[in-house]
Amino acid sequence: MGLESFISGYTIGSGILYIAAATRDAGHEVFIELGNKENIIGLIKRHSPDVVGMTCLTVSYPVTRNMINMIKEHNPSIITIIGGHHATFMTKEIFAECNVDYVLRGEGETAFPSLLKEIESGNRYAIIEGIAFRKENQIVNANSLTLLKDIDSLPKVTIDLVPKEIENFSPGISTSRGCPFRCSFCSISSFYGGKWQARNIENVLDDIEMYAQEGHIKTFRFSDDNFTVNTKRVRKICEGLKERGLDNLKWSCKSRVDSICRDPGMVEKMQEVSCTNMSLGIESGVQEILNTYKKNITLEQIQKAVRIMNNSSIFHAWYMMIGSGDNYDQPKYIEQSIAFMKKIRFDILQISILTPFPGTELYNRLSSEHRLLHKDWNKYDCAHCVYQPSNLSPKQIEDYFIKAYKSLNFDRNPAEILKVAWKGIKSGLVSTTQLLRVTKYYTDVFIRKKDIYKVLE
C-alpha cells in the first residue's frame with residue numbers, strides 16, 4: 001500500500017507476459033485475463049481452459065487462493081497452478097489450504113511449458129525442476145527451484161497478449177533479473193539465489209521497439225528490481241534508445257542511492273532520453289537502522305543522491321519504512337528518522353510499515369523469535385504492523401505511519417505541493433484523476449479524521 005496505492009491502476013507484470021509467450025511458442029493457445037472473485041467464473045465459461053495459471057504477491061494470495069478454490073468447485077477437471085514469490089516460499093502452506101494442483105517455484109518460462117508437455121502426454125506426476133505437486137497426500141518436489149540458465153533465452157512478447165481492458169498500456173521491460181544486494185526485508189536475493197543476470201542490450205532495445213511499433217505505446221518502465229546495478233550498462237541502453245529513435249518515449253525505473261552517487265552523469269544521460277520517473281529506497285533516516293536492513297548506504301549518500309536528483313527534471317519518488325524489527329523500534333529512533341526525512345527536498349516519499357514477507361531474512365528471524373502476530377496475508381500490505389515490536393505496540397507503529405505520511409508529504413508549503421503535483425503529471429506518473437483521488441484521501445484522513453484503513457479499503 002502506501003502512496004503507490006493512491007495512483008495505482010490496471011497493469012500487468014512482465015513475468016506473466018514472458019511465461020505466456022513461452023507457452024504460446026510451445027504450441028499452446030494462451031489468454032491472459034485480469035481475474036478477480038467477481039469475474040473468474042465468467043472468464044472460465046468464456047474460454048473453457050484446460051489449465052489455469054495464476055501469479056500472486058503475499059497480500060494478494062488470499063484472493064488467488066479463493067479464485068483457485070472457486071474454479072475447482074465449478075469444474076474439478078481444470079488443472080490449476082500458482083506461481084510467484086509467495087508461492088515459492090510458502091509452498092507447503094499453500095497446498096495445506098488451497099485446492100491447487102501445482103505450485104511453480106521460481107521462474108516459469110521453462111518450467112510451465114515443460115509441465116504442459118508432460119500433462120498432454122498423460123504424465124501428471126513428472127519430476128520437473130521448480131514444479132511441486134501432491135501425490136497420494138504427499139507433497140512432491142517441494143524444495144526444487146527453477147531459474148533461467150540464460151536470461152537471453154526469454155521469448156519475444158507481442159502486444160496481442162496484453163488484456164484488452166488495459167488502456168494506454170505501459171509495458172514493463174526486463175533488462176535484468178535478480179539483485180546482488182541482500183537487504184534483510186527483501187525476498188529478491190532469496191528468490192534468485194543472490195544472483196543478478198543482465199540481458200543483451202540489443203534484445204532489450206528490440207522489445208521496446210516492438211512495443212513502439214505494434215503497440216503505439218507512449219510510455220514504458222524498466223521493471224528490473226534494480227535497473228542501475230551497472231551504471232556503464234545504463235549509459236549504453238540510453239545511447240541505444242537515442243540511436244533507434246526511441247528517446248521520445250517516457251520511461252521510469254528503480255535505482256539505488258549509491259548508484260546515483262557513484263555516477264551522477266548517468267542521471268543526465270537518462271534525462272536526455274526521456275526518463276521521467278525514478279524510484280529509490282532511503283528506508284530510514286537512522287544509520288543504525290540502515291545497517292540493520294543491510295542497505296549498505298549512508299545518510300551522507302542519501303543527502304548527496306537527493307541533491308543530484310533535485311538538479312534533474314526526473315520525478316523522484318523515495319521509499320521510507322517505519323519499524324526496524326529489532327531494539328531500534330523505539331519512539332526516539334522513529335522520530336529521528338522522520339526528522340531526517342523532513343530536511344530532504346524529495347518529490348514524493350512513499351512510506352510503508354516494515355513488513356516481514358516470506359523468503360526474507362526478516363521473516364525468518366521474526367518467525368524464529370515467535371514475533372509474527374499472524375498470517376492474515378491481507379494485512380501484509382505495508383500499512384499494517386504484523387509483527388510484535390520490541391519496545392512499542394503494533395498500534396504505535398501504525399500511528400507513527402500515519403503521522404509520518406501527514407508530516408512528510410502533506411505538511412508542506414501549498415505552492416511546493418502544487419509544483420510537485422504538476423511535475424508528477426508531466427512525468428506521466430500521476431494523472432489528474434489520480435491526483436483528485438489523493439486529494440480525497442488526504443481530506444478524509446487528515447481533515448475529516450476518518451480511519452485510514454477504512455478509507456483505503
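Of note:
- Ranked list, fewest to most other Cβ atoms within 10 Å of each Cβ, for Leu373, Leu418: Leu418, Leu373
- Per-residue Cβ neighbour counts within 10 Å put Lys342, Lys454 in the sequence Lys454, Lys342, beginning with the fewest.
- Order of Ile353, Ile119, Ile19 under a 10 Å beta carbon neighbour criterion, fewest first: Ile119, Ile353, Ile19
- Note on Ser153 and Lys342: their simple-model spin labels are 5.5 nm apart, each label 7 Å out from Cα toward Cβ.
- Placed amide H near Leu349: partners under 5 Å, 5+ positions off or other chain: Trp318
- Estimated from the Cβ-Cβ distance and a Förster radius of 22 angstrom, the FRET efficiency linking Ala415 and Leu299 is about 0.20.
- Förster radius 30 Å - calculated FRET efficiency between Asn143 and Ile201, Cβ distance, rounded to 0.05: 0.30
- Computed extension length for Glu243-Leu372: 41.3 nm, one decimal, from 0.36 nm per residue of separation with the Cα-Cα distance subtracted.
- Applying the Karplus relation 6.51 cos²θ - 1.76 cosθ + 1.60 with θ = phi - 60° to segment 138-152 yields 3J(HN,Hα) values of 10, 8, 10, 6, 6, 9, 7, 10, 10, 10, 5, 6, 9, 5, 7 Hz, where x marks Gly and Pro.
- Virtual paramagnetic centre 7 Å along Cα→Cβ of Glu214, amide N under 13 Å, in segment 131-156: 155-156
- Dipole magnitude for the chain: about 1220 debye, using +1 per Lys or Arg Cβ and -1 per Asp or Glu Cβ, origin at the Cα centre.
- Selection from Leu161, Asn291, Met341, by position along the positive dipole direction of the chain (Cβ): Met341
- Amide hydrogen neighbours beyond the local backbone of Ile131, cut-off 5 Å, H modeled: Arg105
- Ranked by the mean number of other Cβ atoms within 10 Å per residue, highest first, peptides 301-311, 77-87 order as 77-87, 301-311.
- Charged neighbours of Phe169, selected by a Cβ distance under 12 Å, balance to -1 (K, R count +1; D, E count -1).
- Amide H contacts under 5 Å for Ile322: Ser352, Ile353, Leu354, restricted to partners 5 or more places along the chain or on a different chain, H placed in the peptide plane at 1.01 Å from N.
- Cβ-isolated cysteines (cut-off 4.7 Å), the chain: Cys56, Cys98, Cys179, Cys238, Cys253, Cys261, Cys275, Cys382, Cys385
- Computed across segment 170-455, the Kirkwood radius stands at 20.1 Å (inverse of mean 1/r, all Cα pairs).
- Cβ-based charge dipole, the chain, positive-most Cα from Gln350, Val103, Leu205: Gln350
- Cross-link pairs Lys236/Lys423; Lys164/Lys426; Lys375/Lys454; Lys92/Lys454; Lys45/Lys156; Lys164/Lys419 - those with Cα-Cα distance over 24 Å: Lys236/Lys423; Lys164/Lys426; Lys92/Lys454; Lys45/Lys156; Lys164/Lys419
- Taking each DSSP H run with n ≥ 4 as -39500 (n - 2.57) and averaging over every residue of the chain yields -11500 deg cm²/dmol at 222 nm.
FYI, it's all coordinate maths here, none of it is from the lab. If you're wondering where the values come from, they're calculated on a predicted model, not measured in any experiment. Ideal geometry is used to build each Cβ from the backbone, glycine not excepted, and the neighbour counts take in all protein chains shown.
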